[in-house]
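Every read-out reported here was derived from the displayed coordinates using simple, explicitly stated rules and does not represent laboratory data. The model shown is predicted, which means the values in this text are computed figures rather than measured ones. For neighbour counting, all protein chains shown are included, and Cβ atoms are generated from backbone atoms with ideal geometry for every residue, glycine included.
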Amino acid sequence: MPPIVLVGAPVEAGAGRRGCLMGPDAYRTAGLKEALIQLGHSVSDLGNLKMAPVQDISHSNPVLKNLAEVTGWTRALHATAADLGVKPVFPVYMGGDHSIALGTVAGQASAAAAKGRPLFVLWLDAHSDFHSFETTESGNLHGTPLAFACGLPGFPDLLNGLPRHPVDPANVMILGARSIDPHERDLLLAHDVSVCDMRMIDESGVAALVKPFLERVRAADGLLHVSLDVDFLEPETAPAVGTTVPGGATFREAHLVMEMLHDSGLVTSLDLAELNPFLDDRGRTARLMVDLTGSLFGRRVFDRPTRSF
Ligand SMILES: [Mn+2]
């Protein structure tokens with residue numbers, strides 16, 4: 001596996017409550033770098049990015065919160081991801097609220113386009129984050145990154161004139177959803193995004209849902225960006241998030257997804273989003289996110305002779 005590059009994105013401007021800016025430091029305190037080194041990887045930490053300066057950004061929807069700040073972070077993250085995406089490294093973006101994915105996915109998509117390969121996105125989240133800047137009613141921009149990634153209209157010039165390289169909505173899978181607003185539901189259906197909600201997980205298990213998606217990525221010779229929102233998990237297991245929804249993925253379901261992703265060898269970039277250390281219980285959620293990342297990077301209980309994928 002290529003060397004891992006950790007990128008701190010201390011962003012809280014996209015969330016409805018404060019605290020996510022402490023996320024990158026919580027991952028450092030919880031030993032993310034050390035855990036990955038212990039698994040045999042070469043790891044460097046670029047430190048925390050700085051917001052790009054932004055002037056004259058505006059939008060007709062008056063409820064949007066912190067538009068200039070979110071735009072500044074999007075531009076900084078887009079530039080970093082577009083750069084790292086064409087290098088032989090594996091970027092791990094330590095958020096920050098999920099608005100970081102406005103920039104990370106756009107940047108990875110730009111790099112994928114430069115390589116002439118399709119980008120696939122696995123969105124592990126209680127929500128679909130499929131609002132445009134026009135449809136959001138809360139104005140919290142962490143509810144919009146997947147719609148932006150898929151090239152939907154209704155966004156201002158977040159990339160400062162640089163081209164958008166939309167991800168084909170057919171290449172996206174949302175897993176773990178259990179809270180989708182009516183506007184988002186309409187948009188998801190209109191764009192034919194694959195949504196695997198918690199009921200589907202209950203009925204068939206995560207493995208049966210993840211496996212065919214990975215087969216599609218492999219068949220298309222795609223790059224795979226994984227965006228892991230803390231609220232994918234059951235809140236009793238992972239309390240440090242501002243948008244808890246009961247009935248989330250269990251500890252083992254989440255690890256199994258990560259283990260299958262590792263076995264596939266297909267993942268090329270990762271977001272760790274929405275950790276709010278202010279809401280954590282003695283670092284428990286930060287440690288769990290580090291452990292899940294460890295499973296994605298090859299931690300295993302026992303070597304299995306046949307690949308599960
Ligand atoms: Mn999210």
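Mind putting a number on the dipole of the stretch 48-159 about its Cα centre? Charges go on the C-beta only, +1 for Lys and Arg and -1 for Asp and Glu, and I need it in Debye to the nearest 20. Display every interim value, and only then the final one.
Working: 6 positive and 9 negative charges, 96 e Å.
Roughly 460 debye for the stretch 48-159.
If we sort 278-285, 135-142 on the protection proxy, mean other Cβ atoms within 10 Å, highest first, what's the order? Don't skip to the answer; put the middle values down first.
Numbers: 278-285: 15.2, 135-142: 20.9.
Sorting 278-285, 135-142 by mean packing, highest first, produces 135-142, 278-285.
Between rounded, prolate and oblate, where does the chain land on the alpha carbon gyration tensor, with a ≥ b ≥ c its root eigenvalues, rounded for a/c under 1.5, else prolate if a/b exceeds b/c? If you can, show how the numbers build up before the last one.
Numbers: a/c = 1.28, a/b = 1.24, b/c = 1.03.
It is rounded, given that a/c, with a ≥ b ≥ c, falls under 1.5.
If a/c stays under 1.5 just call it rounded; otherwise compare a/b with b/c (prolate if a/b is bigger, oblate if not). Do that for the stretch 12-79, with a ≥ b ≥ c from the square roots of the Cα gyration tensor eigenvalues.
Values: a/c = 3.86, a/b = 2.21, b/c = 1.75.
It comes out prolate by the Cα gyration axes.
Listed highest first by mean packing, meaning other Cβ atoms within 10 Å per residue, what order do 81-87, 17-23 come in?
On the way: 81-87: 19.6, 17-23: 21.4.
Taking the mean over residues of other Cβ atoms within 10 Å, the ranking is 17-23, 81-87.
Lys/Arg Cβ at +1, Asp/Glu Cβ at -1, dipole of the chain taken about the Cα centre: which of C196, G154, M1 is farthest positive-ward?
M1
Quick one: grab Rg to one decimal and Dmax as a whole number for the stretch 136-220, Cα atoms only, in Å.
When restricted to Cα atoms, the stretch 136-220 yields Rg and Dmax of 14.6, 45 Å.
Can you tell me how much longer the chain between D263 and H59 gets when fully stretched, taken as 0.36 nm per residue apart minus their C-alpha distance, in nm with one decimal?
On the way: separation 204, 0.36 × 204 = 73.44 nm, distance 4.33 nm.
Going from the current span to full extension adds 69.1 nm.
Need the list of aspartates and glutamates near K115 for cross-linking: C-alpha distance under 18 angstrom, and skip anything on the same chain fewer than eight residues off.
Straight-line reach from K115, under 18 Å: D83, D168, D221.
Want the number for D186 to F251: 0.36 nm per residue separation, take away the alpha-carbon distance, what's left?
Values: separation 65, 0.36 × 65 = 23.40 nm, distance 3.09 nm.
In short, 20.3 nm is gained.
Going toward the positive end of the dipole of the stretch 241-295, with +1 on Lys and Arg Cβ and -1 on Asp and Glu Cβ, which of L292, H262, V241 do you reach last?
V241
Classify the stretch 98-143 as rounded, prolate or oblate from the Cα gyration tensor: take a ≥ b ≥ c as the square roots of its eigenvalues, call it rounded if a/c is under 1.5, otherwise prolate when a/b beats b/c and oblate if not.
Working: a/c = 2.82, a/b = 2.07, b/c = 1.36.
Since a/c reaches 1.5 and a/b is larger than b/c, the shape of the stretch 98-143 is classed as prolate.
Give, rounded to the nearest 20 debye, the magnitude of the charge dipole that the chain has about its Cα centre when Lys and Arg contribute +1 at Cβ and Asp and Glu contribute -1 at Cβ.
880 debye
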